[in-house]
Each structure stands twice: as C-alpha cells, then as structure tokens.
Amino acid sequence: MNYVLTNIPERTQKPREKGLTMVMDKGLSIREVENFLEVAGPHTDLVKLGWSTSFVTPNLGEKLKVYHDAGMPVYFGGTLFEAFIIRNQFEDYRKVLDKYGMKYAEISDGSIDIPHEEKCEYIRKLSEQITVISEVGSKDAQKIFAPYKWIALMKAELEAGSWKLIAESREGGNVGIYRDSGEVRQGLIDEILTQIPEDCIIWEAPHKDQQVWFIKLLGANVNIGNVTPAEVIPLETLRLGLRGDTFNHFLDKFSAL
C-alpha cells in the first residue's frame, strides 16, 4: 500500500485460496489488457474471457500471452465449454485448451441441460489435464433450484475434482443466487454455507450492492467473481473498509476488540 493506515482488515496474499477477485474480460484489446494489469493486476486473481468471446477475439494468442507473461491466471468462460459439448466436440475442446496453454477451465451447464453425472465425468476427465472451476446454477431465470439441490450439486462437483465452485448470477447479477431484481437470495446463501466451505465458492457479484452484501456477511476475504476491470480497485477499497458502504463495518469490529 502507498501509506500506513491502522485498523485495516488483513487481506490474504497472492497466490491465495481465499479472498479471490475474478474479473470478467468481455473483449478487452491487448492495450487495454496491459493497462488493466498495470493498475488492477495486484488485486486480481483470475480473469475469465466471458462466455464464448474467445472464439471471435482478434489476436487471441497474443492477448493470452500478455496475461500469461504477467503471471495472471486466465480461462475461457463456461459457455464455450457448453458450445463444444452440444456439438459433440469435447476432444476438440481439450485440444483448444492445449493449443492456448490454458491451465484453468470452466465447466458449466447454465445454457444446456447436461445430466449431472455426465457433467461430473467431464470434471473428472478435465481435472486430470487442468485446474477445473465449475459453475453451479442456471442462466434461465425460470429455473430456481431449492437449497438442498444447490448443496447436492456443489458437493458432487467438488468430489469430482473441481478446485472452486462458481455460484451463478450471469453478468447481469439477476439469476441463480439472486432474484430478478438483483436482491440476494439470503436464505439460499445461508443454507449453502451450512454444508459447503466458503473458501470453495466464488460468488458472482457484478454489482456494488451485491459485493457489499457478501463482504459484510463473510468479511474482506470473501471470493467474488464477475467483477468488471474498472471495478477491481473500487472492490478492493470495499474489502478494506475504505469506501462509505463498508467504512464503519470494519471500524466497528476493531473497536469491539
């Protein structure tokens, strides 16, 4: 940090298992990636090339090299995995991962229906090749899973070999763990946390009020995903109690000690 302030929440250090910030790259240019890494790289742990944007991104290899050279883990969005699966091209997908030197992959079933045991088999196979992040929840707002269902799916995917689980919200933050208004399904989150360790879950929280909610619930080192590049620094100030939304939250905790 640039100067000393007392009573600041302690952040885990990179590379970390807890307190992750996952950023959504929806089509940054190579120059924009360089600028992003200069400013936000120290506070970013993972970058996802959103949904299937990698299929149409010009100079993809060069762009990925910028991330790789900076030591920034990057991976393709789960929708790309689904696009290969629905076309019966799983082996082609594996070859694409190898071609671009990917060390992470996201497995999801938010856009297509995959029997869960089949999804877990994909996780098992890919985890032998690469670090797997699996996404739980549907992109369809009409598909609302009961808490016990979320828990069962999450447990099975961790057992199959997933490193982290992503709790689905889409980039709009209005499905999955949220109501269509963007309000957190608090009862669902409470139930999930009775069975699934919080360190295993990356909560998609693209909006500030959602990020604030999770920070107040789980602290400065909650895993948060689907953050836009421009919001990484603002999110870090929320984590540290240096923005109005969380300013007193952490000071009150220190004063109680």
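The values are calculated or read from the model by the stated rules, or taken from the named source; none is laboratory data. Worth saying up front: this structure is predicted, and the values here are computed from it rather than measured. Please note: Cβ atoms are built from the backbone with ideal geometry, for glycine as well, and neighbour counts cover all protein chains shown.
Given the conditions (1) aliphatic (A, V, I, L, M); (2) in contact (Cβ under 8 Å) with a residue 60 or more places away in the chain; (3) assigned to a helix (DSSP H, G or I), and given that I215 satisfies all but one, which numbered condition is not satisfied?
Looking at each condition in turn, I215 falls short on (2).
Among the residues of region 200-240 satisfying the criterion of being surrounded by fewer than 15 Cβ atoms within 10 Å (Cβ to Cβ) and among the aliphatic types (A, V, I, L, M), which is farthest from G50 (Cα to Cα)?
Ranking the candidates gives I233 first.
N221 versus (1) touching a helix residue (DSSP H, G or I) at 6+ places or on another chain (Cβ under 9 Å); (2) assigned to a helix (DSSP H, G or I); (3) not small (G, A, S): which is the lone unmet condition?
(2)
Of all residues in region 226-244, how many are out of contact with any Ser or Thr (no Cβ under 8 Å at 6 or more places or on another chain), within 21 Å of M24 (Cβ to Cβ) and either of a type outside the set (A, V, I, L, M, F, W, C) or part of a loop (DSSP other than H, G, I, E, B) (or both)?
5
Filter region 163-195 for residues that are assigned to a loop (DSSP other than H, G, I, E, B), at pLDDT 95 or above and surrounded by 20 or more Cβ atoms within 10 Å (Cβ to Cβ) and give the result.
Passing the criteria: none in range.
When you go through S134, S138 one by one, which is the residue that is at pLDDT below 95, out of contact with any His (no Cβ under 7 Å at 6 or more places or on another chain) and either at positive phi or polar (S, T, N, Q) (or both)?
Residue meeting the stated conditions: S138.
Do we find that R243 is surrounded by 15 or more Cβ atoms within 10 Å (Cβ to Cβ) and free of Cβ contacts under 8 Å to residues at least 12 places away in the same chain in this structure?
Criteria met by R243.
Taking L97 as meeting all but one of (1) surrounded by fewer than 21 Cβ atoms within 10 Å (Cβ to Cβ); (2) farther than 19 Å from W163 by Cβ, write down the number of the exception.
Of the numbered conditions (1) surrounded by fewer than 21 Cβ atoms within 10 Å (Cβ to Cβ); (2) farther than 19 Å from W163 by Cβ, the odd one out for L97 is (2).
Which count do you get for residues in region 214-239 that are of a type in the set (A, V, I, L, M) and farther than 26 Å from I196 by Cβ?
Here the count works out to 2.
Would you confirm, using the coordinates I've provided, whether K155 is surrounded by fewer than 17 Cβ atoms within 10 Å (Cβ to Cβ), modelled with pLDDT under 95 and part of a helix (DSSP H, G or I)?
Taking the combined requirement at face value, the residue does not satisfy it.
Quick check on this structure: which one of L193, L158 is over 16 Å from the mean Cα position of the chain (by Cα) and among the aliphatic types (A, V, I, L, M)?
On inspection, the qualifying residue turns out to be L193.
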